Amino acid sequence: MFSIRHKVPCRDVMDEVTFKSDTVLSDVHLLLPNSSHLMKRLNGVGQPVFISKFRILQNCDEKDSSVGSPIRERDEADASDVPRDEDGDLDVVRRPRNGTCHRDAVCPVIISQSTMILSGQDEDLEEGDGACDIIRIEHTMATTLEDVGKQVWRGALLLADFILSQVNLFKGATVLELGAGTGLSSIVMGMVAKTVYCTDVGVDLLSMCQKNVKLNEKHFEPQESEIRVRQLDWLADDFCTDPDSEFCWTEAEIADLHDNTAFVIAADVCYDDDLTDGLFRTLYRITSNLRSPSITYLSLEKRLNFTLRHMDVSCEAYDHFRHCLDQLEQMTDGKMKITVEAVKSSFPQFFQYERVEQLELWKVTAERL
């Protein structure tokens, strides 16, 4: 899970809160410790919209390295600083039961901040405090199932870790992201790739994604990398080229996608069976029209749920994903050769989150016969 600091007007002295979350699919949305977390506005349906800061745990001068500083190494280095009792056990500082601070309820209930943050001085500090390793993402904390793309999921962070651990692989490439959501994975990919087509569906979501790209322009080399936010509906049969649509494709972009795309990425997009079917149809349609062989990386979290139908813990969305993955690999159409393999998550961790064993990364290689 993440931890977070959030700017909430209250009193001059705020109490410390570990976290409390209200989510749809997974409790992953409390972000980095020791960083501000600003509720910016309400979106069209009245949900709070936040801007969170994700710190990349590596030296800013090591951008051309394929290996950064894994979080586990830092944890070991800082272990001696963790307070312990006389028996050597962790001495956890707990929040007092009877707090005196009262604040308006915001969904979810989040965080504390110091007097310095309340005064706005954090904005002055962040520019001088390793700003090159901070990614800012506008997102919501909780949504209906239809709007889950407006949240940040652990699968996106796992995929972002993999991208930063394979800089030489993606350097200078043209990449397509399916179901980009807030755009976190595309933004990280944009730090190394030449062109990233960051796609999803829905004007509200795509507008949020476009804002996030704008917020992180400093990470992209001028004239050398570009992120293009475009609409791509998995339930449609083709690209949106309607000029009246804000996020439509041009014919030149479609041609560039087909001629140059080497990688396709997607993170935590398999939570609904119909959409999963649409994802794999779209993936096959696009990769079969690419000029060169392609590699797709699919990141997801296997979420276990108790269902009344089975009266047991199951993971139906994941099971359907694996079924579609098997079908894709076994397809014999005489046009494509597709191979599927699991990627071990032993690569360095660049973002602070809990890399649970349910997180998986899959590699799909597609080439014409």
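Could you tell me which residue of the range 171-190 is farthest from F351 (Cα to Cα), considering only residues that are hydroxyl-bearing (S, T, Y) and either surrounded by fewer than 24 Cβ atoms within 10 Å (Cβ to Cβ) or at pLDDT 95 or above (or both)? If we take residues in the range 171-190 being hydroxyl-bearing (S, T, Y) and either surrounded by fewer than 24 Cβ atoms within 10 Å (Cβ to Cβ) or at pLDDT 95 or above (or both), then T174 is farthest from F351 (Cα to Cα). Go through the range 246-279 and count every residue that is part of a helix (DSSP H, G or I) and among the aliphatic types (A, V, I, L, M). Number of matching residues: 6.
Apart from one condition, K214 fits all of (1) within 14 Å of V269 (Cβ to Cβ); (2) surrounded by fewer than 16 Cβ atoms within 10 Å (Cβ to Cβ); the exception is (1).
Take the residues in the range 112-170 that are within 30 Å of V203 (Cα to Cα) and in a loop (DSSP other than H, G, I, E, B); name whichever of them is modelled with the lowest pLDDT. Among residues in the range 112-170 that are within 30 Å of V203 (Cα to Cα) and in a loop (DSSP other than H, G, I, E, B), the one modelled with the lowest pLDDT is T143.
Of all residues in the range 153-170, how many are among the β-branched types (V, I, T), surrounded by fewer than 24 Cβ atoms within 10 Å (Cβ to Cβ) and within 16 Å of the chain's Cα centre (by Cα)?
Residues flagged as among the β-branched types (V, I, T), surrounded by fewer than 24 Cβ atoms within 10 Å (Cβ to Cβ) and within 16 Å of the chain's Cα centre (by Cα) within the range 153-170 amount to 0.
The values are calculated or read from the model by the stated rules, or taken from the named source; none is laboratory data. Computed from a prediction, not measured in an experiment: that's the story for all the values here. Ideal geometry is used to build each Cβ from the backbone, glycine not excepted, and the neighbour counts take in all protein chains shown.
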